[in-house]
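Asker: Structure below; questions to follow.
Only the coordinates and a few stated rules stand behind these numbers; no lab work does. Here the structure is a predicted model, which is why all the values come from computation and not from measurement. Cβ sites come from the backbone with ideal geometry, for glycine too, and all protein chains shown count toward neighbours.
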C-alpha cells in the first residue's frame, strides 16, 4: 500500500522574479574570469544565476494558502503576497554575480530552504518511512543525471545540499569532480608550493578559506611549469628583430630599430598549387582576409607583391584597401578562392583534391610582435618560416569523424587528430603534458619536505592527504593543457577586430579554417598558459 506524501506547492509553481533572473543570467555571459565555464570547454552551460534561483524556488514552499491532500498550509492572500515579496528579494540578491560567495546572502537562502524542509517533514511525520525520508535535520540530496557543465550541482552545493552529478561523457564527469567533489577535500589548507618570483613560501599561519590554498598552488605550480616549458622550448619561439631592412620598408618602425620583440603569434594561410597551368609550380594562399587588425588607429594588413610567377607578402600599417578584406576568397559561400597570381578561380573540389593528395601547404602571412606601446604587425621572414618548418615529432593518431553536423575538415585532407596541430603546437602541448606528471611528483616532494605526512592514498581512492593533493594539482593543470588544445591547433581563428586568437570549437563541429594563428603560449594573445592556470584558480577560489 502506497502512502501519500504531503507537500505544499513550491514557489517556482506560483511566481518568480523573472526580470531579475534574466538580467543576472545575461550579465554572466560577459564574465571571462572566475566563471566555471573558463575551467574547460563544455556545451550548453546553464547560467549559474538561473540555476541558483531555480533550485531555491523548487525547495521553498509558496506561502499562499493551500488545502487538500489531507493537510492545510499557508497564509491568506494579503499576507502571502507580502511573504512572496520577501522571498523575491532573497532571489534578487541571490542571483547577482557579486554575491556568488557572499555568505550573508547565501545563508539567508539556506535558512529559507531549511525552514521549508522542516515544514514538509512536519506534514509527513506520520509517514511510515518518516525517519528515513523526512529527517528535519538533513536536507535531501539533489541528483542531476545529465550534469554537463555542472551549474546545477555546483549551485546545489552552494545552497547547502548534497549534490550528486552524473553524465555519460567522461569530460563533464571530470569537470564536475574538479568543481564540486575535489575542492572540499582540501578546503582551508595553505598552499604547498613556493612562489616563483621570490622562491619563498607564505606563512602557513595565514588564513586560506574555502579552496583558496588549492587555487594558489594551481597558480604556483602552473608558474613553475611555465618557466620550465620556456626553458625547454626556447628555440621554438624566436623574437622578431627590427633591422634596417624592415625600417626601410616601414619607416614608422624606426623608433624600434634594433629591438627584439617577443612574438605573440604567427598568422598562417593554407596554400595549394595554382590551377592555372602557367603558374602550376606556385603555391598560392587561401586567405579568407588580408586584414590582420582592424581596430581604428591600429590597422594592419597584408599586401601581396607579385613579380611574374612569384610573390611575397608585406605587412603594412594604416587603413587597408577595400580588396584586402576578402583576401583571396571568391565571392559567395563555400571553399572557393582565386589564384593570387592569375586570378583564376580555385574551386572547392580542386582544394579538396589537393588536400586529399597531401599537396596542401601553409604560408606565413604575418608576425605579431609585442612592442613597447602595443602590438606590432610585421612581414614574414625566412628565419621564422624555417623555425616552424624544421620541426618534427610525435603525431597524435586516430581518425576524425568524416561527417559532423556543422562541418568537418576531413574532405580537405585533415583526416587524423594529429593533422589538426602544427609541429610547433604539438611540441608545446607534449611538453606541457609531460610536465604535468613531473609536477605531481614535485608537489608530493615539496609537501613531504615541508613536514606533511603521506598516507599513500590517491585522489581516485578517496584520499585527502599528500598523494591525493598532488593528484589534484596534476588534474587541474591537466585540464589547463586540455583547454589549450582548442587554441593551439590549426583550426583556431584570428579575431581581426581584437587582434587575438579565438578557439576552435566555436560550435560542436570541426569545420575547415583557411588562415589561423600559431600563438606563443607564453604570451597572452588568447590561449596563454598562465592565463589558463589563472582562470582555473579563479574558478576554484569561491568553491
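Asker: Give me D for the range 241-392 in µm² s⁻¹, whole number, from Stokes-Einstein with Rh from the Kirkwood sum over alpha-carbon pairs, 25 °C and 0.890 mPa s.
Answerer: 149
Asker: Evaluate the distance, in nm, between pseudo-label points positioned 7 Å from the Cα of residue 495 and of residue 357 along their respective Cα→Cβ axes.
Answerer: Each label point is offset 7 Å from its Cα along the Cβ direction, giving 3.9 nm.
Asker: Which angle from 0 to 90°, rounded to the nearest 10, does the C-alpha axis of helix 529-540 make with the longest principal axis of the chain?
Answerer: 10
Asker: Here's another thing I want to ask about it. Let's test the formula: R0 of 56 Å, r as the Cβ-Cβ distance of residue 143 and residue 195. What FRET efficiency results, to the nearest 0.05?
Answerer: Values: r = 41 Å, r/R0 = 0.73.
The computed FRET efficiency comes out at 0.85.
Asker: Need the full-extension length gain, residue 382 to residue 207, defined as separation in residues times 0.36 nm minus the C-alpha distance. One decimal, nm.
Answerer: 57.6 nm
Asker: What ranking do 293-305, 42-54, 388-400, 183-195 get when scored by the average of other Cβ atoms within 10 Å per residue, highest first?
Answerer: Ranked by mean Cβ neighbours within 10 Å, highest first: 42-54, 183-195, 293-305, 388-400.
Asker: Would you please report the Å³ per residue occupied by the convex hull of the alpha carbon atoms in the range 11-162?
Answerer: Roughly 123 Å³ of hull volume per residue.
Asker: Right, another one. Report the gain in length on full extension from residue 169 to residue 399: 0.36 nm times residue separation, minus Cα-Cα distance, nm rounded to one decimal.
Answerer: In short, 80.9 nm is gained.
Asker: Let me ask something else. Could you line up 434, 446, 126, 370 from fewest to most neighbouring Cβ atoms inside 10 Å?
Answerer: The most exposed by this proxy come first: 126, 434, 370, 446.
Asker: Enter the Cα centre distance for the pair the range 294-344 and the range 464-540, rounded to the nearest angstrom.
Answerer: That distance is 29 Å.
Asker: Something else about it: By count of other Cβ within 10 Å, fewest leading, how are 274, 319 ordered?
Answerer: Numbers: 274 20, 319 13.
With the fewest neighbours first, 274, 319 line up as 319, 274.
Asker: Work out, step by step, the length gained on full extension between residue 86 and residue 416: first 0.36 nm times the residue separation, then minus their alpha carbon distance; give nm to one decimal.
Answerer: Between residue 86 and residue 416, full extension yields an extra 113.0 nm.
Asker: Further question on the same structure: Return the distance in nm (one decimal) between the two label points of a simple spin-label model at residue 44 and residue 10, each offset 7 Å from Cα along Cα→Cβ.
Answerer: So the two model labels end up 2.0 nm from each other.
Asker: Cα axis of helix 48-59 to longest principal axis of the chain: angle in degrees, 0 to 90, nearest 10?
Answerer: 20
Asker: Can you give me the C-alpha center-to-center distance between the range 356-413 and the range 208-282, rounded to a whole angstrom?
Answerer: 13
Asker: Using a Förster distance of 22 angstrom, determine the FRET efficiency expected from the C-beta separation of residue 26 and residue 98, and round it to 0.05.
Answerer: It comes out at approximately 0.90.
Asker: Less than 16 Å from a label point 7 Å out along the Cα-to-Cβ axis of residue 19: which backbone N atoms in the range 33-57 qualify, by residue?
Answerer: No residue passes the distance filter.
Asker: Quick one: angle between helix 18-28 and the longest Cα principal axis of the chain, in degrees between 0 and 90, rounded to 10, please.
Answerer: So the helix axis and the longest Cα principal axis differ by about 40 degrees.
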